[in-house]
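The values are calculated or read from the model by the stated rules, or taken from the named source; none is laboratory data. Quick caveat: nothing in here was measured; it's all calculated off a predicted structure. Every residue, glycine as well, gets a Cβ built from its backbone with ideal geometry; the counts of neighbours run over all protein chains shown. Surface areas here come from the heavy atoms of the whole protein model, side chains and all, with no ligands, DNA or RNA. Shrake-Rupley method; radii C 1.70, N 1.55, O 1.52, S 1.80 Å.
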Amino acid sequence: MGDMKCLLLLLCAGVTVSSDVDLQKRVVRGRPCGNTERGYHVRLRASDGIRSSLCGGSLISDSYILTAAHCWKDRWEMTAYLGVHPGPPVPLRGVRITQHHIYNDINGPHDIMLLKLPTPTHITYIALPSDLECRNPFVKPVRVAGYGATTVFPNGTIGNDRPTELHCGDMKVVKCQWNKKCQRRNPDPFTQSLAYQHLLCGQSKTVDIAPGDSGGGVVKKCRIYGVISNGVNVACAEPAGFMNVCKYKPWIKGIVGKDIWKNLRKQKCLFP
């Protein structure tokens, strides 16, 4: 099982249907999110007409979604669904995304991306942390959310169910000690790229991220500190990887513009 734990999963789930008969019903995600949480959460669907994949994202301004770069697939159509939680009484209409920005430096691309909406939205967005907040240690757990699987097979591998409710869970920020170990064992280009990307890691004995959760926000006290990026194929066995938003703030500000900060202190914090 040791080597299996280093098989990193890019948590962008393909949409498939299968039986749950052989699944051990154990909560991986935590609990359904409260109605006052995650109004800024975006459901992203990429499709080539035959295949499709699911990711999450977060509104960080009236025009931009922050998500994971691996959710973008060249020549596939990307659709964003806003206002998915707690959800309207009628089916949502998606908006097509045509403009995206992926962070690159001399080492290569990083797993963080901005998507621009074709028209601004009036949905309240999540604020980025201030420079001071970025210096504070993570003394409290961070909260993750997504529409990924909530079940686990008897051998510990994550299931492939698709919950209709957005699920939230708390994870403690820990050191990303698994990175170097996995890089030695796995020659996959994405795994090797973790050496130069800016990561946070989180872990819990009862909560984990799953395929379909990629791109979702990692939040503490109404500030987005991370973007869900990668995990392993055994639930709760190793830390999950999040892109560290604080390290990418100058890049985000350069694309989104100064207006991103105008509501930083005006938003009421209705959840931890």
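Give a residue-ordered list of calculated ³J(HN,Hα) values for the stretch 213-227 (Karplus: 6.51 cos²θ - 1.76 cosθ + 1.60, θ = phi - 60°; whole Hz; x for Gly, Pro).
8, 3, x, x, x, 9, 10, 9, 6, 6, 10, 8, 9, x, 10
With labels modelled as points extended 7 Å from the Cα through the Cβ direction, what inter-label distance (nm, one decimal) is found for Lys116 paired with Tyr196?
The two pseudo-label positions are separated by 2.6 nm.
Give me the percent of accessible area attributable to carbon and sulfur for the stretch 95-142, probe 1.4 angstrom.
The C+S portion of the solvent-accessible surface of the stretch 95-142 is 54 percent.
Once R0 is set to 22 Å, what does the formula 1/(1 + (r/R0)^6) return for the Cβ-Cβ distance between Lys253 and His100, expressed as a FRET efficiency to the nearest 0.05?
My answer for the efficiency is 0.80.
Sticking with the crude label model, points 7 Å out along Cα→Cβ, report the distance from Leu92 to Arg162 in nm, one decimal please.
Distance between label points: 1.4 nm.
Could you check the simple spin-label distance between Tyr81 and Lys172, using points 7 Å along Cα→Cβ, in nm with one decimal?
3.5
Scan around His198 for amide H atoms under 5 Å from its own, H built in the peptide plane at 1.01 Å from N, and keep only partners 5 or more places away or cross-chain.
Amide H neighbours of His198: Asn244.
In square nanometres and to one decimal, what's the mean projected area of the convex hull around the Cα atoms of the stretch 65-180?
Over all viewing directions, the stretch 65-180 projects a mean Cα-hull area of 11.2 nm².
Go through 76-88, 94-106 and give me the packing order, highest mean Cβ count within 10 Å leading.
Output ranking for 76-88, 94-106: 76-88, 94-106.
Please list, in order, the residues from the stretch 38-65 whose amide nitrogen is less than 12 Å from a point placed 7 Å along the Cα→Cβ vector of Lys73.
Residues passing the 12 Å test: 45-55.
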